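Here the structure comes first, spelled out in C-alpha cells, and everything after it is commentary.
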Amino acid sequence: MVGIALVIAKTFHDRLVAPSLLAADFARVGEEVRRAVAAGADWMHLDVMDGHFVENISFGPAIVQTVNQASEVFLDVHLMISRPDHYLQRFIDAGSDLICVHVEAPHDVGTTLRRIREAGLLAGLALNPATPLAAVEPFLGQIDLLLCMTVVPGFGGQAFMPEVLEKIAAAARIREQRHLSFHIEVDGGIDASTAAGCYAAGANVMVAGSSTFREPDMAAAITAIRQA
Ligand code: DX5
Ligand code: ZN
C-alpha cells in the first residue's frame with residue numbers, strides 16, 4: 001500500500017510497466033521485488049491463482065503481504081480465483097493497492113468493484129481473450145483499470161494473442177465517448193515488440209513476466225517495454 005497521492009498521480013496517459021512476480025525466483029521474493037523496483041518497475045503485478053478459475057495454483061494473501069513489506073511499490077493484484085468476493089478482504093488487508101477481478105468469475109461484479117473502491121483501493125476488471133467487451137461494458141463507469149488478457153490466463157511464458165488488439169481499441173473508443181478515465185492493462189506475452197501494438201491500440205499498463213525477470217538486464221528490458 002502506498003500513499004494516496006502516489007496512487008492518483010498516475011493517469012491512463014502514463015505508460016506503466018508492471019513486472020509479474022510469477023516469473024521471479026520464489027525462494028527470494030523480497031529481493032526479487034526490490035530488484036524489479038531498482039530496474040524501474042512502476043507497479044508490481046501479483047498473479048493469484050486458485051486451481052479452479054485457472055488450471056494453475058500460485059500464491060495467496062501471505063505472499064502479497066510479504067511483497068508489501070519488502071517494498072513501497074504499488075501492488076497490482078490480479079485475482080484469477082473463482083470467488084473473489086469471498087477472499088477480497090484478505091487481499092485488502094494484505095496491502096494491495098489495486099485489486100483486479102475477473103468478469104467471468106461467479107460473483108456479483110458490481111458489488112465486488114464497489115467494495116474494492118470503498119476500501120480505498122483502485123478497482124480493476126479483467127476479461128479473458130474469448131470474452132466479448134460487452135460483458136464488461138456495464139461496469140466501465142465503476143473501474144480504475146480494465147485488464148484485457150492477451151493470453152488464456154493460468155501460466156506465464158505463453159504467446160501473445162494479437163486478436164485481442166481490436167478489443168483494446170474498442171475499449172479505448174468507449175472510454176473516450178463516455179469521458180471515462182480507466183487504465184487499460186494488457187497481460188500475457190508482453191515484450192518490447194508486442195507492447196508497441198498494445199500502446200497503439202490504447203493500452204498503457206504493460207504486465208510482463210518472462211520478458212523482465214528472465215532477462216539478463218532487467219532495467220534495459222523494462223525501459224525497452226516502456227519505450228516500445
Ligand atoms: C497469466 C498471468 C500473467 C503472467 C504473464 O495468467 O496473468 O500475469 O504472469 O507472464 P508472461 O509475461 O511471461 O506472459
Ligand atoms: Zn496477471
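Values in this text are rule-based calculations from the coordinates and carry no lab data. All values derive from a computational prediction rather than experimental measurement. A quick note on method: Cβ atoms are made from the backbone with ideal geometry, for glycine too, and the neighbour counts reach across all protein chains shown.
Structure above, values below:
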item	result
Search result, residues across the range 153-175 that are of a type in the set (D, E, K, R) and touching a strand residue (DSSP E or B) at 6+ places or on another chain (Cβ under 8 Å)	Lys167, Arg175
Matching residues in the range 116-152 - criterion: being surrounded by 15 or more Cβ atoms within 10 Å (Cβ to Cβ), small (Gly, Ala, Ser) and out of contact with any strand residue (DSSP E or B) (no Cβ under 8 Å at 6 or more places or on another chain)	Ala119
Any pair with Cβ under 8 angstrom, 6 or more apart, that starts in the range 72-83 at a residue that is under 12 Å from Glu104 (Cβ atoms) and ends at one that is of a type in the set (D, E, K, R) and assigned to a strand (DSSP E or B)	Met80/Asp47; Met80/Asp50; Ile81/Asp50; Ser82/Asp50
Residue list for the range 186-203, filter: within 16 Å of the chain's Cα centre (by Cα) and either within 16 Å of ligand 2 (Cβ to nearest atom) or over 20 Å from Ala171 (Cβ atoms) (or both)	Val186, Asp187, Gly188, Gly189, Ile190, Asp191, Ala195, Cys198, Ala203
Inter-residue pairs, beta-carbon under 9 Å, first closer than 13 Å to Ala23 by Cα and free of Cβ contacts under 8 Å to residues at least 60 places away in the same chain and in the range 40-62, second away from ligand 2 (no atom under 12 Å from the Cβ) and charged (D, E, K, R), 6+ apart	Ser58/Asp50
Yes/no for Met161 being touching a Leu at 6+ places or on another chain (Cβ under 7 Å), of a type in the set (A, V, I, L, M, F, W, C) and within 16 Å of ligand 2 (Cβ to nearest atom)	no
Tabulated pairs, the range 153-170, first on the phi > 0 side of the Ramachandran plot, second assigned to a helix (DSSP H, G or I) and surrounded by 15 or more Cβ atoms within 10 Å (Cβ to Cβ), C-beta under 7 angstrom, 6+ apart or interchain	Gly157/Ser210
Counted residues, the range 99-154 - those being of a type in the set (Gly, Ala, Ser) and either in contact with a Cys (Cβ under 9 Å, 6 or more places away or on another chain) or within 16 Å of ligand 2 (Cβ to nearest atom) (or both)	5
Unmet requirement for Met206, which otherwise passes all of (1) surrounded by fewer than 23 Cβ atoms within 10 Å (Cβ to Cβ); (2) in contact with a Leu (Cβ under 8 Å, 6 or more places away or on another chain)	(1)
